[in-house]
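Input: a single structure, listed below in structure tokens.
Every number in this text was worked out from the coordinates using simple rules, so none of it is lab data. Just so it is clear, the model here is predicted, and its values are computed rather than measured. Here the Cβ is made from the backbone with ideal geometry for all residues, glycine too, and neighbour counts use every protein chain on show.
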Amino acid sequence: MSTLQVTNSLTRKKEAFQPINPPFVGLYVCGPTVYNEVHLGNVRTFVAFDIIYRWLLYSGYKVRYVRNITDVGHLTDDTEEDKMLKQAKVMQLEPMEVAQKYTNGFHDVMDLFNALRPSIEPQASGHIIEQIEMVKEIMDAGYAYEANGSVYFNVEHFNAEHGYGQLSGRNIDELLSNTRELDGQSEKRAPLDFAIWKHAAPEHIMRWPSPWGDGFPGWHLECSVMSTKYLGEQFDIHGGGMDLKFPHHECEIAQNKGSNGNGGANYWLHSNMLTVNGTKMSKSLGNGFTPAELIAGDHELLDQGYSPMVVRFFMLQTHYTSTLDFSNAALKAAEKGYQRLMKAMVALTTLTYENGQVDASINGEVKKAMEAAGEHMNDDFNTAMALADLFELSNRINALANNQQHVGTLEEDTFNQLKAFFPKFITEVLGLLPETTGGDSHMDEVMQLLIEIRQDARSNKDFSTSDKIRDRLKEAGIQLLDGKEGTSWEKA
């Protein structure tokens, strides 16, 4: 298999992936800000990095996947409004109640889309001490200053020694000329300076004592602190949505270098944005809908509801660095494509090998398609091309299942490889699972497929996969019953 290539936002080119300490890989992804419901842009980003996580695991790496929860007051760069506090007042709840409510909701949504949970999910509120210590380190190095109980990062001083804007490709002189006056600007020495610790006004609920008085950490600081704590001063991959490249990730790099001299990650990966019928998704434009609305079809722009697996499949049809455009036509086409893969997966379970006249050409095409799927995933996680390889295999599976071709046209080793590879790649790498609705006549076939996948995993002593299938089915209301005569199932 070829070497994994990734598009590094820091160098703006595709590079061979070389972990610092193979086979260990440190992966950090900026998680949700939990003062509001998760939106489809979040889902697209986290599905993209779920694929990256899955492929690294499938490729044999030991991955520590860290995804943070922003539960400390989130400041916007245009108004410096504390959105967590604002939402707490609207809902008449404590800020931590708001954070927990939306954290639970985020988990529920990502479970629907079959995204694996991270190895560690730290909360910003649980790392205040470490954030205060990093502020001290940055100040000791001369890259920050205190003003009226707040601490600001000195961007111009940092730029003179290290260069600011390398990740986003922005020129500091252009940034200065385009910067307008903001609230609290008089405290700053320069317009581009950003808060790494903010003084808490008397009415501010979320506050912690610090050497500069009661306050709370700046938004950019938390990711620098938690990525460093759990992955080290230099680690492998840092990811997030394209909207975080500037200023959030740019500020992270500056903070990391300012505190310990290292820039954090070696590879910076960014997923692109969503559009609807060619227009940027936005609530103000009336074309922004939630995952719940998309699944239920409860929005004027939707002709119908689309299941979570269909939506996930739809997202995988476009490379994660490309813009993804939602439309009813595209979603309906994705629904057909998803069903086609699921039917081929079920059909494969009905096939058993019989000797016949091996066709070297057909045998070679099947082997080539399986290899190509892996090659395309190694090409910057190209799920769109990998899906094309799977459709090629599904055509061959259907031909075998419909007796248009004899299974003996394949070598026995190739047949066995196909029977193991096809469902494993679909479920474990792409994270696509069979979905059924009440009364679906294919329910037994689908469940038999999952039982066989689980049995294969147990035979190979892959108990992690076996347990995952059992636990996920249990969460979906299906109980597996292991007995002397095999495994059966029932609705819990």
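Annotations
- Taking amide hydrogens as placed 1.01 Å from N in the peptide plane, the amide H of ILE478 sits under 5 Å from those of ALA492, each at least 5 positions away in sequence or on another chain.
- Three-way shape label, segment 5-271, alpha-carbon gyration tensor, a/c 1.5: oblate
- Here segment 335-435 was treated as a single set of alpha-carbon atoms; its pair distances binned every 10 Å from 0 give 15, 52, 28, 5 percent.
- For the pair segment 81-124 and segment 208-283, the centres of their Cα atoms are 18 angstrom apart.
- Rounded FRET efficiency, nearest 0.05, which uses the C-beta distance separating PHE24 from ASN148 and R0 of 51 Å: 0.70
- Charged neighbours of GLY105, selected by a Cβ distance under 12 Å, balance to -2 (K, R count +1; D, E count -1).
- Only Lys, Arg (+1) and Asp, Glu (-1) charged, at Cβ; segment 1-153 dipole about Cα centre in debye: 860
- Cα long-axis angle, helix 443-459 against the chain (0 to 90 degrees, to the nearest 10): 80
- Taken as Cα centroids, segment 287-350 and segment 154-172 sit 41 Å apart, rounded to the nearest whole angstrom.
- For the listed residue pairs LYS101/LYS136; LYS14/LYS368; LYS83/LYS468; LYS14/LYS336, the alpha carbons are over 30 angstrom apart in LYS101/LYS136; LYS83/LYS468; LYS14/LYS336.
- Angle in degrees between helix 383-401 and the longest Cα principal axis of the chain, rounded to the nearest 10: 10
- In this structure the amide hydrogen of ASP325, modeled in the peptide plane, comes within under 5 Å of the amide hydrogens of THR275, none closer than 5 places in sequence on its chain.
- Residue order, fewest to most surrounding Cβ atoms within 10 angstrom, among CYS30, CYS251, CYS223: CYS30, CYS251, CYS223
- Once backbone amide H atoms are built at 1.01 Å from N, TYR28 has VAL66, ILE237, HIS238, GLY239 as its partners under 5 Å, excluding neighbours fewer than 5 places away on the same chain.
- Modelled spin-label separation between ASN363 and PHE463, with each label point placed 7 Å from Cα along the Cα-to-Cβ direction: 3.8 nm.
- Burial order of peptide ranges 291-298, 227-234, 455-462 (average beta-carbon count within 10 Å, highest first): 227-234, 291-298, 455-462
- Within the chain, all pairs of alpha-carbon atoms sorted by distance into 10 Å bins from zero give the percentages 4, 18, 26, 24, 15, 8, 4, 1, 0.
- Degrees, to the nearest 10: 40-58 long Cα axis against longest axis of the chain: 60
- Evaluated with a Cβ-only charge set (Lys, Arg +1; Asp, Glu -1), the chain carries a dipole of roughly 540 debye about its Cα centre, given to the nearest 20.
- Net charge of Cβ neighbours under 14 Å - reference GLN304; Lys, Arg +1; Asp, Glu -1: -3
- Listed residues LEU351, SER119, GLN255: farthest to the positive end of the dipole of the chain (Cβ charges): LEU351
- Over the chain, dividing the summed -39,500 (n - 2.57) contributions of all DSSP H runs of at least 4 residues by the number of residues returns a 222 nm mean residue ellipticity of -14000 deg cm²/dmol.
- For MET226, the shell of other residues with beta-carbons less than 14 Å away shows a net charge of -4, using +1 for Lys and Arg and -1 for Asp and Glu.
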